[in-house]
Every structure is written in C-alpha cells, then in structure tokens.
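Student: I'd like to ask some things about the structure below.
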Amino acid sequence: NNDTVSRNAAGFNVPIGISIDTDNHWLFVADAENDRVVVFDLDSNNQPVDLVADHVLGQPNLTSSAGTGIVNANMNYPDVIEYDQSNHRLFVSDGLQDRVMVFDFSGGSITDGVTANYILGGNGAASTTTMQTPNGLAYDSVNNRLYVNDTGHNRTIVFDVRPNGSGAQSLCGV
C-alpha cells in the first residue's frame, strides 16, 4: 500500500478495473493502491457529471482510510471489477485479501463505506470455496455465474451467484 499519495475525490493511485451501471448511471473505478472503488455519478446519457468521485466503497469516505483489515467493508488492492446489470450487483476482486466482494445496489443508492452483501472465497488450502490472489472476473448474466481466476491456486473457479445458488466448483486447474 502506497500511502504517500493522498486519498481524495479527484485522484487515483493505480486505477485498474472499470465498469458501468447504465441504469443507475454510475461509473465504478477500482483504485487499487488506495484500497477502494470510487463511484462517479453519470448523467442520463451515461456521461460524467464532473471529474470528481461521488461515492467510495472499501473505505469510510473519499479522504480517509480504515485500513485493510479483513472485514466486509474494507478492501486491500481491489483490481478487477464486473457489474451485473440485471441484478444490480458489483463484483470486486479484493486481490490481497483473497476474496471477491459482492455489493447489491438493487435499491438504487450507494452509501460511502457500505458493507459488502456477500463474500466469495477467502484464503486457505485449495478447495472449491477458497482463493489466493483472485485476478480476473467474468460474469455470465444468462446463467448467473461468476468466473474467477484464482491465480494463487492456478485455476478458474465458477460461482453460482443466483439468489439460492449451489456454491462453487473448479472449472480447470487444481
């Protein structure tokens, strides 16, 4: 973590992932070294309203840090993000905490520092539900499946992310 770059609403420190919600008009950017995802409000044509972030996930607000502890509200190097347009869920690869965080925005609003609704993965010996440095996401909106590259275990995991999904299975690899 590089705390020499100050956290603010107008800057990034290693932006990596990007995704858009065209219904609620939000642009999500994974700001990896600041351990957060910043959210920009867009107009009805999905154009930026301004160049300043409006909301933040993974930290309590746009200017401070709650640290990177493994709790459902903090992030540590979020990098890849994927948005489920149909169910209004944001999937965030929380790379250095070995998990994927799932945020449900079906209510149409975002609160700074909101807690993730679900956590997929976690570190440990390779099993169908653990991950080590997830680094790649793909969402299948037809079948409600989330594909995750589990880099540390040299495999891809498939998560059934329907409301009553049946869990995870290794697609290939260990």
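Student: So what's Rg/Rh here for the chain, counting alpha carbon atoms and using the Kirkwood radius for Rh?
Tutor: The Rg/Rh ratio comes out at 0.96.
Student: Could you tell me what percent of the accessible area of the range 13-91 is made up of carbon and sulfur, with a 1.4 Å probe and every protein chain present?
Tutor: 52
Student: Ok, one more. Rounded to whole Hz and in sequence order, give me ³J(HN,Hα) for the range 42-57 from the Karplus expression 6.51 cos²θ - 1.76 cosθ + 1.60, θ = phi - 60°, writing x for Gly and Pro.
Tutor: 10, 7, 5, 9, 6, 9, x, 6, 7, 9, 10, 4, 9, 9, 9, 10
Student: Then there is this: Any idea how far apart N8 and T22 come out in nm if each label point goes 7 Å out from Cα toward Cβ?
Tutor: Each label point lies 7 Å from its Cα, and together they span 3.4 nm.
Student: What FRET efficiency do you get for R162 and T63 if R0 is 45 Å and r is their Cβ-Cβ distance, rounded to the nearest 0.05?
Tutor: Result of the calculation: an efficiency of 0.75.
Student: Find how much the distance from D104 to N46 grows on full extension, using 0.36 nm per residue of separation minus their present alpha carbon separation; answer in nm with one decimal.
Tutor: Between D104 and N46, full extension yields an extra 18.9 nm.
Student: Under 5 Å between amide hydrogens, which residues at least 5 positions from Y118 or on another chain qualify, with H placed 1.01 Å from N in the peptide plane?
Tutor: Amide H to amide H, under 5 Å and 5 or more residues apart or across chains, Y118 pairs with V102.
Student: Separate question: Leaving out ligands and nucleic acids, and using a 1.4 Å probe, what accessible area per residue does the chain come to in Å²?
Tutor: 46
Student: Hey, can you grab everything whose amide H is under 5 Å from the amide H of D98? Only 5+ residues off in sequence or another chain; H modelled, so Pro and N-termini drop out.
Tutor: Hits under the 5 Å cutoff: T133.
The values are calculated or read from the model by the stated rules, or taken from the named source; none is laboratory data. Everything numeric here is computed off the predicted structure, so don't read it as measured data. Cβ coordinates were reconstructed from backbone atoms using ideal geometry, including for glycine residues, and neighbour counts include every protein chain displayed. For the accessible areas, the whole protein counts, side chains as well, though only heavy atoms, and no ligand, DNA or RNA atoms are used. Shrake-Rupley method; radii C 1.70, N 1.55, O 1.52, S 1.80 Å.
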